[in-house]
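The values are calculated or read from the model by the stated rules, or taken from the named source; none is laboratory data. The structure presented is a predicted model; accordingly, all values stated were derived computationally and were not measured. Because the Cβ atoms are built from the backbone with ideal geometry, glycine has one as well, and the counts that use them run over all protein chains shown. These area figures cover heavy atoms from the full protein model, side chains too; ligands, DNA and RNA do not enter into them. Shrake-Rupley method; radii C 1.70, N 1.55, O 1.52, S 1.80 Å.
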Amino acid sequence: MKLVAYLYRQSWKLLVLAVCSGLIAGLSGAALIALISKGISGSDWSLPTLASVFFGVALLHLISKSTTEISLLHLTQTAIYQLRLDLSRKVLTTPQKNLQALGKPGLLVMLTKDIDSFTEAFVWMPIGFGNFIITSACFAYLAWLSLPAFLMLVLFLGLGLTIFFALERYPRSQLVKVREKMDKLYAHFRDLIEGSKELQLNARRGDLFVEKVIASEAREFKTAFTRGMTGYNMAVNVGAILFFVMIGLLLFLAPQVLPQPPEAITATVFTLLYLVRPISELVFSLPIVHQAGIALERLQQLNRDLSLSATIPTAPQTWDAGSAWTLELRGLRHHYPSSSDDSQFVLGPLDLSIRQGEILYIVGGNGSGKTTLAMLILGLYRPDEGSILLNGTPVSEDNIDAYRQNFSAVFADFHLFEHLLESDQTALGERARHYIDVLGMTHKVKVADGKFSTVNLSTGQRKRLALVSAYLEDRPIYLFDEWAADQDPVFKRVFYTELLPELKSRGKTVIVITHDDAYFNCADRVIKLEDGHSGKVVTAPPPPHAEIPSQPQAV
């Protein structure tokens, strides 16, 4: 019912069309059985008339059944398409802290495996719906044929369904466990892939990770899945046997209790035999539908979680900083877990003014709050206290998305997109090729059809391409989090002494999180964060004798 309600919300017109054509398909299917019974037992109709009606009803059944399945196919695939887009958009409007709390493995399972389960159920839905209508119509035909036999059939069927659902309760609970184990397995597989280098360096550690971590969860997944599907297999087989027992009772016992004309018994048995396949398919689809129900609950819960935390902007989606802007942090304070213990680390209170066209370094020890400060400046974290003002206007939930559009960043844990997603592809490609050449990547990467020819590169090379993407966005403020950490001395020098001054000459503000004290004299200001609960900010002048290396240095 949840799936039907979801489809109704997507397009009630298509659903009504599918239902109406399904009813016609079911009635015409039952009429075919009645006509076959008439042909076998004899009819007062002439043979040409009976044949004409039979083939006409067969054509009607073909058209109506196809209409039902195609309508449901379009409806279900449209629903899945819309679900994917809605969830993707909500991910983009959900604060980073909420996404981090949901966790990458859980999000990936829901956006991939759960939607796949949902899709599989929708593939079966047209078949199941058609079979349900045909079964209902055939039961109506049986009631018209012999009401006492139909009542006996309903009694036996009710008994069979009671037994089936009693047997099905246990495997259904196992499928819920299967879904819970899937989240953990995906998390372990992610650890395996991302930590493969470390595990290869320590063979024993790698073996223990596979045997104790992955094998343990995989074994529990296998056990729950096997028990669940075995239970469903037993329930389906018992249901099938009970169905044949019911046919036997109607064929051998009913005539003794309720004498029936031979043609009525023949038509009844023939109809029941015809229903073996539709009912079997209906029962077979139950575990798939149950898995889809579990997936739908998870997806709806994700949808609710994202909806609660997503930012719904009410202000216009343009907030250009302008040609002369000011950015101020006033009394900014933010809490986050300490990296060394379970206590809360407090960043702030901070008061800071960032000027247009300056190069600002943020330095400090590990865990001092540099990246957290960057996330606050970018609007990706919201302060617990204090405010951020752009041109004197406070950043709020209503305008935060527009505020973020003034920044471009390359994070320490950056992601490199293959596509250059901008409108003017011709000019974009020319500019991209220029920066690729400046960063010494021409022999590795080309730009064609609005995307990089490859992103399968070393970390340092991929980070250079991420820098190219950031340059192409042409935003007023740039933030680079430890960009030079993975670069060799030549490209460090290019970054600090050529690229950053070039951005400044274009009126851009550049915020750099760095440990490269040899290049501190390239900054207009250096802001040092001192580790501690006070989150104290010190404006430190560049070292008076810092020298910039002019030649590559041995690593």
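Would you please name the residue that is least open to solvent (accessible area, probe 1.4 Å), looking only at residues in segment 233-267 that are assigned to a helix (DSSP H, G or I), under 19 Å from PRO148 (Cα atoms) and among the polar types (S, T, N, Q)? Once the filter is applied, the top-ranked residue is THR266. Number of residues in segment 405-422 that are modelled with pLDDT of 80 or more, touching a strand residue (DSSP E or B) at 6+ places or on another chain (Cβ under 6 Å) and either part of a strand (DSSP E or B) or buried (at least 17 other Cβ atoms within 10 Å of the Cβ) (or both) equals 6. Under the condition of being surrounded by 15 or more Cβ atoms within 10 Å (Cβ to Cβ) and modelled with pLDDT of 70 or more, the residues counted in segment 94-106 number 3. Screening segment 132-186 for residues that are closer than 19 Å to THR268 by Cα and among the hydroxyl-bearing types (Ser, Thr, Tyr) and picking the one that is most open to solvent (accessible area, probe 1.4 Å) gives SER136. Does segment 46-62 include one or more residues that are open to solvent by less than 80 Å² (accessible area, probe 1.4 Å), outside any helix (DSSP H, G or I) and either closer than 27 Å to LEU273 by Cα or without any contact (Cβ under 8 Å) to a residue 40 or more places away in the chain (or both)? Yes: one or more hits. Within segment 428-439, residues that are within 15 Å of ASP474 (Cα to Cα) have Cβ atoms under 7 Å from residues that are assigned to a helix (DSSP H, G or I) and at pLDDT 80 or above in these pairs: LEU428/LEU472; ARG431/LEU472; ALA432/VAL468; ALA432/LEU472; TYR435/VAL468; TYR435/TYR471, counting only partners at least 6 apart in sequence or on another chain.
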